[in-house]
Amino acid sequence: MAELATIARPYAEALFKATSEAEQSVLVEQVGALAQIASDPELRTFADNPRVTVEQIYGVITGAAKVALAPAVANFLRTVLDNGRLAALPLMAEMFQTLVHARQGVAEARVFSAYPISDAQVAEIIGPLEKRFGRKLEAKVEVDAGLIGGVRVVVGDEVLDTSVKARLERMKSALLA
């Protein structure tokens, strides 16, 4: 993973520096769409075929994206393909999004819940966390049935775990101590 991160970082930073702040929000979506396509195993197999040209791969990816790419994103994709870095594209997109969010004062909050939760419940969770962290949080919700109940929130490198599973683990530790 560290090797892919080392490859992906310069590409993400170059795209970030080459674009204006105003257009970066739109570019995040476009690069994210490309990353989703690039993570498809069938596309990877196609791209690894020595008979397939870079132009053919570019055509397949842009056709599958179903969005008109901004010139900066089109050039970015061509550079990634010319240098044979398609495998790192999903990580490049993630890093680019992180850079854009940092500039905007936004952080990603990954909310793990034992059950699906509504948008209103997400807002109840995120509101106090935004005050605690002093910045806007963008919530991404995932269901993790192993939590039994409650939620676990990850913001950057901080974890707030109020799940039933975590409480049981704390009780177990206290009883065994």
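The values are calculated or read from the model by the stated rules, or taken from the named source; none is laboratory data. Note that the coordinates shown come from a computational prediction; the quantities given were computed from them, not determined experimentally. In this analysis, Cβ positions are derived from the backbone assuming ideal geometry, glycine residues included, and neighbour counts consider all displayed protein chains. Heads up: the accessible areas ignore ligands, DNA and RNA and are worked out on the full protein's heavy atoms, side chains in. Shrake-Rupley method; radii C 1.70, N 1.55, O 1.52, S 1.80 Å.
What the table below lists for this structure:
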item: Simple spin-label estimate for VAL67 and ALA123 in nanometres, 7 Å along Cα-Cβ; result: 2.5
item: Note, ³J(HN,Hα) from phi for the range 48-58, Karplus 6.51, -1.76, 1.60, rounded to Hz, x at Gly and Pro; result: 7, 5, x, 7, 8, 8, 4, 5, 5, 5, 4
item: DSSP beta bridge pairing in the chain, given as percent antiparallel to the nearest 5; result: 55
item: Estimated 222 nm signal from helices in the chain, with DSSP H stretches of n ≥ 4 weighted -39500 (n - 2.57), rounded to 500; result: -20000 deg cm²/dmol
item: Pairwise label distance in nanometres, LEU43 with VAL143, each label 7 Å out on the Cα-Cβ vector; result: 2.6
item: For the chain, accessible area per residue (1.4 Å probe, heavy atoms of protein chains only), Å²; result: 60
item: The chain, accessible surface, carbon-and-sulfur percent (1.4 angstrom probe); result: 55
item: Per-residue SASA entry for THR98, accessible area with 1.4 Å probe, Å² rounded to 10; result: 90
item: The range 95-129 residues near the modelled THR79 label - backbone nitrogen below 16 Å, point 7 Å along Cα→Cβ; result: 95-97, 99-100
item: Karplus-derived 3J(HN,Hα), 6.51/-1.76/1.60, for each residue of the range 100-110, Hz, glycine and proline x; result: 5, 5, 4, 5, 7, x, 10, 10, 8, 10, 8
item: Compactness of the chain, expressed as Rg and Dmax over alpha-carbon positions, Å; result: 19.8, 63
item: GNM flexibility winner over the chain from GLN30, GLN56, GLN121 (Cα, springs under 10 Å); result: GLN121
item: Test item: Cα-centred dipole of the chain, Lys/Arg +1 and Asp/Glu -1 on Cβ, debye; result: 360
item: Extension reserve of the TYR115-VAL159 stretch, reckoned as 0.36 nm per residue once the Cα distance is removed; result: 14.0 nm
item: Label point distance in nm, GLU108-ALA166, each placed 7 Å from Cα along Cα→Cβ; result: 1.9
item: Residues with amide H under 5 Å from that of ALA107, placed H, sequence gap 5 or more; result: LYS136, LEU137, GLU138
item: Percent of beta bridges antiparallel (DSSP, the range 109-177, rounded to nearest 5); result: 65
item: Lys/Arg +1, Asp/Glu -1 at C-beta; the chain dipole; positive extreme among ALA109, VAL164, PRO71; result: VAL164
